[in-house]
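Have a look at this one.
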Amino acid sequence: MSELKKYFHNFGYLSLQEMNFTDTFDTQFEHAVTQYQAKLGLPVSGKLDSETLNQIMLPRCGVPDTSPTFHEISHFAYFPGQPRWARTMPITLTYAFSPENLIGSLSLPDIREAFKRSFARWASVIPVNFTETTDYGFADIKIGFYGGDHGDGEPFDGVLGVLAHAFSPESGRFHLDAAETWAVDFGSEKSNVAVDLESVATHEIGHVLGLAHTSVKDAIMYPSLKPRGIKLDLKLDDIKAIQALYGSNPNFKFSASLESDTSSNQAIDLRDKRWKERSSGG
């Protein structure tokens, strides 16, 4: 129980003031479980049922899910203060890979291509372009693979568990756990604990741009990803969230599949004028 309490503290459901490292299922812990279930789209029972425990066991992003200061709208959420890259539209952000913090199991060209596709997904829906640079020191977004305690107060935990984390705007720090079996092709990577690099990259870029976690399980910004799982397509929840921060890419149009997307477990009326005005105004 004490380990579970540490887990809920790490991901934003128990404050230090509420922490009680005993094995007692106390009122604070029950409230944390209830919050976790609601945030992750699970049946809300306040109990450590099998569905909740299965969710806890899944590999996930290291960014906390929630806090009293998170600004949450509908299913998606932002960081405290709703930070974004405050530059004149259209924005161009540069990104670079740390030359000292790479992995040997994947070639740099394969890593670069996976990230290029991930950045392009977000660029397709907002007026933000991403350009790779070799000047790591001056890049807006700094990407690297790190092991264990790497100096940012958020140590990695080895295979599975926490896969990666990224910081809110305009930090640009983007860290992946070097201990993972990162893959760009499950056809050639047979490990049962392999993690799809492109899926994780797409998720963490959402954090770099200012998105926190959502409760929509199919969305990119949902916090967990199963080993050998692939999640690449931005869902309506992701698009609404990011366009509310940056506006829409002028070339973006909602597809029929997005307009009928009910992955948030409720019909979303795209004709809502207030939403359209808010998204187009940035």
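Before we move on, is ASP135 surrounded by fewer than 14 Cβ atoms within 10 Å (Cβ to Cβ) and over 24 Å from GLY229 (Cβ atoms)?
On the way: surrounded by fewer than 14 Cβ atoms within 10 Å (Cβ to Cβ): yes; over 24 Å from GLY229 (Cβ atoms): yes.
Against the criterion (surrounded by fewer than 14 Cβ atoms within 10 Å (Cβ to Cβ) and over 24 Å from GLY229 (Cβ atoms)), ASP135 qualifies.
Can you tell me which condition GLU154 does not meet? The list is (1) in a loop (DSSP other than H, G, I, E, B); (2) over 24 Å from ILE56 (Cα atoms), and all the others hold.
Going through the list (1) in a loop (DSSP other than H, G, I, E, B); (2) over 24 Å from ILE56 (Cα atoms), GLU154 breaks only (2).
Report the residue count in the stretch 90-132 for those that are outside any strand (DSSP E or B) and either buried (at least 18 other Cβ atoms within 10 Å of the Cβ) or in contact (Cβ under 8 Å) with a residue 24 or more places away in the chain (or both). Please lay out each step first, then the result.
Of the residues in the stretch 90-132, the ones outside any strand (DSSP E or B) are 90, 98-127.
Right, trim to either buried (at least 18 other Cβ atoms within 10 Å of the Cβ) or in contact (Cβ under 8 Å) with a residue 24 or more places away in the chain (or both) and you get 90, 98-103, 105-106, 110-111, 113-115, 117-119, 121-127.
So the answer is 24.
So is PHE167 surrounded by 14 or more Cβ atoms within 10 Å (Cβ to Cβ), assigned by TED's automatic domain parsing to the domain that holds TYR78 and in contact (Cβ under 8 Å) with a residue 24 or more places away in the chain or not? Walk me through it before giving the result.
Values: surrounded by 14 or more Cβ atoms within 10 Å (Cβ to Cβ): yes; assigned by TED's automatic domain parsing to the domain that holds TYR78: yes; in contact (Cβ under 8 Å) with a residue 24 or more places away in the chain: yes.
It is true that PHE167 is surrounded by 14 or more Cβ atoms within 10 Å (Cβ to Cβ), assigned by TED's automatic domain parsing to the domain that holds TYR78 and in contact (Cβ under 8 Å) with a residue 24 or more places away in the chain.
Conditions tested, residue by residue: (1) buried (at least 16 other Cβ atoms within 10 Å of the Cβ); (2) under 30 Å from VAL159 (Cα atoms); (3) modelled with pLDDT of 95 or more.
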{"site": "SER171", "(1), (2), (3)": "no, yes, yes"}
{"site": "ALA183", "(1), (2), (3)": "yes, yes, yes"}
{"site": "SER215", "(1), (2), (3)": "yes, yes, no"}
{"site": "GLN243", "(1), (2), (3)": "yes, no, yes"}
{"site": "ASN265", "(1), (2), (3)": "no, no, no"}
{"site": "LYS273", "(1), (2), (3)": "no, no, no"}
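Test THR181 against the stated conditions and say whether it is over 19 Å from SER124 (Cβ atoms) and of a type in the set (Val, Ile, Thr).
Values: over 19 Å from SER124 (Cβ atoms): yes; of a type in the set (Val, Ile, Thr): yes.
Against the criterion (over 19 Å from SER124 (Cβ atoms) and of a type in the set (Val, Ile, Thr)), THR181 qualifies.
The values are calculated or read from the model by the stated rules, or taken from the named source; none is laboratory data. Note that the structure is predicted; figures quoted are calculated from it, not measured. Note that we place each Cβ from the backbone using ideal geometry, even for glycine, and neighbour counts take in every protein chain shown.
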